[in-house]
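Student: Shown below is the structure under consideration.
The values are calculated or read from the model by the stated rules, or taken from the named source; none is laboratory data. All values reported here derive from a predicted model rather than from experimental measurement. All Cβ positions, glycine included, derive from the backbone under ideal geometry; neighbour counts span all protein chains shown. Ligands, DNA and RNA are stripped out before the accessible areas are found, and what is left, the full protein with its side chains, is counted by its heavy atoms. Shrake-Rupley method; radii C 1.70, N 1.55, O 1.52, S 1.80 Å.
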Amino acid sequence: MKAKGGTRITRAIRAANRAGRAAFIPFATAGYPDAATSLDVAVALIDAGADVLEIGLPYSDPLADGATIQHASSVALANGATLDDSIALIARIHEARPKTPLVTMGYCNQVLGGKDGASVLQRLADAGVSGFILADITPDESEALEAEAAAVGIGLIYLVAPTTTADRLPYVAKRSQGFLYAVSLAGVTGARTSLPPGVKKFLRTVQAVSPVPVAIG
């Protein structure tokens, strides 16, 4: 089942491509450095040309986030940020700039909470979320969650990496909605002065099998 949110994300990226440029998908951590400033940052990123805005849900045990996002999450959590706060912030961002698709980035524990995830997904959808990147889940494990997300209009976005095998790439790409997240290197996120020499070849390989746009990160 294709989620309407996933379709909305794809359309935004394709529109940027038709304009002759790559889509701009910046990242901001909800609640960093504080709730009020976080809203200002998100709106400023959209006004600066974001085609899609990715919003990180602060989490204490990130899987592959580097020092910058770890720090931002730690500061937000230390200031008392909660999942409820993040959802409320997302709703305010959506209200301020409703035309820009919002994608949340988080982890399974934040969604499932010992249950099926339907409640959190519904709240995120009501707040204006179009897509969700869950960093610690694969398509093999997420069929039920994917259906729950699609039922409320949220597309689950999956990740592939340079270590993803050639026979697995089409499977993951087919399941991803909105876009397919291509991890550019084997390592944690963070600022770089350059990308690995093989990243262009990797990107072309992924694009060749993906029915949705590919975002490199």
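Student: Pick from the stretch 71-85 the residues that are part of a helix (DSSP H, G or I) and of a type in the set (A, V, I, L, M): which of them is surrounded by the most Cβ atoms within 10 Å (Cβ to Cβ)?
Tutor: By that ranking, first place goes to Ala76.
Student: Output the number of residues of the stretch 183-217 satisfying the condition of being modelled with pLDDT under 95 and within 16 Å of the chain's Cα centre (by Cα).
Tutor: Of the residues in that region, 7 qualify.
Student: For the stretch 116-123, indicate whether the set of residues that are basic (Lys, Arg) and either part of a loop (DSSP other than H, G, I, E, B) or open to solvent by less than 10 Å² (accessible area, probe 1.4 Å) (or both) is non-empty.
Tutor: Among the residues of the stretch 116-123, not one is basic (Lys, Arg) and either part of a loop (DSSP other than H, G, I, E, B) or open to solvent by less than 10 Å² (accessible area, probe 1.4 Å) (or both), which makes the answer no.
Student: Here is a follow-up. Can you find a residue that is in contact with a helix residue (DSSP H, G or I) (Cβ under 9 Å, 6 or more places away or on another chain) and free of Cβ contacts under 8 Å to residues at least 40 places away in the same chain anywhere in the stretch 1-21?
Tutor: no
Student: Count, please, the residues in the stretch 44-82 that happen to be modelled with pLDDT of 90 or more and polar (S, T, N, Q).
Tutor: 4
Student: Take the stretch 18-37 and flag every residue that is at pLDDT 95 or above, part of a helix (DSSP H, G or I) and open to solvent by less than 70 Å² (accessible area, probe 1.4 Å).
Tutor: The one that is at pLDDT 95 or above, part of a helix (DSSP H, G or I) and open to solvent by less than 70 Å² (accessible area, probe 1.4 Å): Thr37.
Student: Scan the stretch 10-17 and give yes if some residue there is touching a strand residue (DSSP E or B) at 6+ places or on another chain (Cβ under 6 Å), open to solvent by less than 70 Å² (accessible area, probe 1.4 Å) and β-branched (Val, Ile, Thr), otherwise no.
Tutor: no
Student: Select from the stretch 92-115 the residues that are without any contact (Cβ under 8 Å) to a residue 40 or more places away in the chain and touching a Gly at 6+ places or on another chain (Cβ under 6 Å) and write down the one among them that is most open to solvent (accessible area, probe 1.4 Å).
Tutor: It comes out as His94.
Student: To continue, here is another question. Determine which member of the set Ala81, Ala151 is touching a residue at least 12 places away in the same chain (Cβ under 8 Å) and in contact with a Phe, Trp or Tyr (Cβ under 9 Å, 6 or more places away or on another chain).
Tutor: Answer to the selection: Ala81.
Student: Sticking with this structure for a sec: The conditions are (1) within 22 Å of Leu121 (Cα to Cα); (2) acidic (Asp, Glu); (3) assigned to a helix (DSSP H, G or I), and Asp40 fails exactly one of them. Which is it?
Tutor: Tallying (1) within 22 Å of Leu121 (Cα to Cα); (2) acidic (Asp, Glu); (3) assigned to a helix (DSSP H, G or I), Asp40 fails exactly one: (1).
Student: Could you check the stretch 140-156 and list, in sequence order, the residues that are under 18 Å from Pro170 (Cα atoms) and within 15 Å of the chain's Cα centre (by Cα)?
Tutor: Glu146, Gly155, Leu156
Student: Looking only at the stretch 29-44, count every residue that is under 12 Å from Ala96 (Cα atoms) and touching a helix residue (DSSP H, G or I) at 6+ places or on another chain (Cβ under 8 Å) and tell me the total.
Tutor: Within the stretch 29-44, residues that are under 12 Å from Ala96 (Cα atoms) and touching a helix residue (DSSP H, G or I) at 6+ places or on another chain (Cβ under 8 Å) number 3.
Student: Follow-up. Take the stretch 86-115 and flag every residue that is more than 22 Å from Val172 (Cα to Cα) and in a helix (DSSP H, G or I).
Tutor: Across the stretch 86-115, the qualifying residues are Ser86, Ile87, Ala88, Leu89, Ile90, Ala91, Arg92, Ile93, His94, Glu95, Ala96, Gln110.
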